[in-house]
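What follows is one structure encoded as structure tokens, with my remarks underneath.
The values are calculated or read from the model by the stated rules, or taken from the named source; none is laboratory data. Keep in mind the model is a prediction, meaning the values are calculated, not measured. Backbone-built Cβ (ideal geometry, glycine too); neighbour counts: all protein chains shown.
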Amino acid sequence: MNQNFEAILEELKRHDVSVETSVEKSLIGSFVGLRNGVVAMVVYAPPDQDYLSLCLKLPVVAPAERRHEIAEFLHRANGRLGNGQFELDYDDGSIRFRVSARVPNDSAFVKDLFNLWLVEASLTVDAHVPTLMRVAFGNLSAASAIEQAEALLNDLHNGGKQAED
């Protein structure tokens, strides 16, 4: 177990977040409740590397017949994001949002970085889930959906209130 793993575990426990760990695999898992659903969170902090990854697994499986349109939507979204990326597994249809980077083994830095990542990843996922669902299970095009998702993300960044011009 490395210092980053321990720091994140300590930070989650400080916020009374129930977690499961696999020290052998360097994984911390939990669930995160968002406005638009619950996502599974997996944190990977390997002991022999200065590396950290936060992954939020969305509670939706992309239907095979809509995966191309969903992939376009996620690609358009990724092009507008500053940190992190959406990923689609074409084989099983699972969708996740991942943030990862090389980081030093520095507990204070890692705790602050992790909190920032978790907040930003949660807002990003929350803003994209409603339109992703309409792309996956409706007839909304990726091009139309991305504008709606971006507007919702801006709204969430402004505290859930419509941004004033």
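Remarks
- Being buried (at least 16 other Cβ atoms within 10 Å of the Cβ), part of a strand (DSSP E or B) and modelled with pLDDT of 95 or more is a description that applies to Leu56.
- Filtered by the rule that a residue be at pLDDT 90 or above and more than 13 Å from the chain's Cα centre (by Cα), the stretch 30-44 gives a lone residue, Tyr44.
- Of the residues in the stretch 128-142, none is surrounded by 13 or more Cβ atoms within 10 Å (Cβ to Cβ), more than 17 Å from Val60 (Cβ to Cβ) and of a type outside the set (S, T, N, Q).
- Odd one out for Asp48, checked against (1) modelled with pLDDT under 90; (2) exposed (fewer than 14 other Cβ atoms within 10 Å of the Cβ); (3) in a helix (DSSP H, G or I): (3)
- Residue, nearest to Lys25 (Cα to Cα), within the stretch 52-68, restricted to residues that are charged (D, E, K, R) and within 20 Å of the chain's Cα centre (by Cα): Lys57
- Subset of the stretch 21-39 (residues that are surrounded by fewer than 16 Cβ atoms within 10 Å (Cβ to Cβ), in contact with a strand residue (DSSP E or B) (Cβ under 7 Å, 6 or more places away or on another chain) and within 20 Å of Leu153 (Cα to Cα)): Gly37, Val38
- Summed over the stretch 1-20, residues that are surrounded by 14 or more Cβ atoms within 10 Å (Cβ to Cβ) and either more than 15 Å from Asn115 (Cα to Cα) or charged (D, E, K, R) (or both) total 5.
- Positions within the stretch 21-43 being under 14 Å from Ala7 (Cα atoms) and either outside any strand (DSSP E or B) or in contact (Cβ under 8 Å) with a residue 24 or more places away in the chain (or both), in sequence order: Val23, Ser26, Val43
- One residue alone among Ala77, Ala71 is assigned to a helix (DSSP H, G or I), within 17 Å of the chain's Cα centre (by Cα), over 23 Å from Val17 (Cβ atoms) and modelled with pLDDT of 95 or more, and that residue is Ala71.
- Within the stretch 90-127, restricting attention to residues that are of a type in the set (S, T, N, Q) and within 18 Å of Glu72 (Cβ to Cβ), the residue that is surrounded by the fewest Cβ atoms within 10 Å (Cβ to Cβ) is Ser94.
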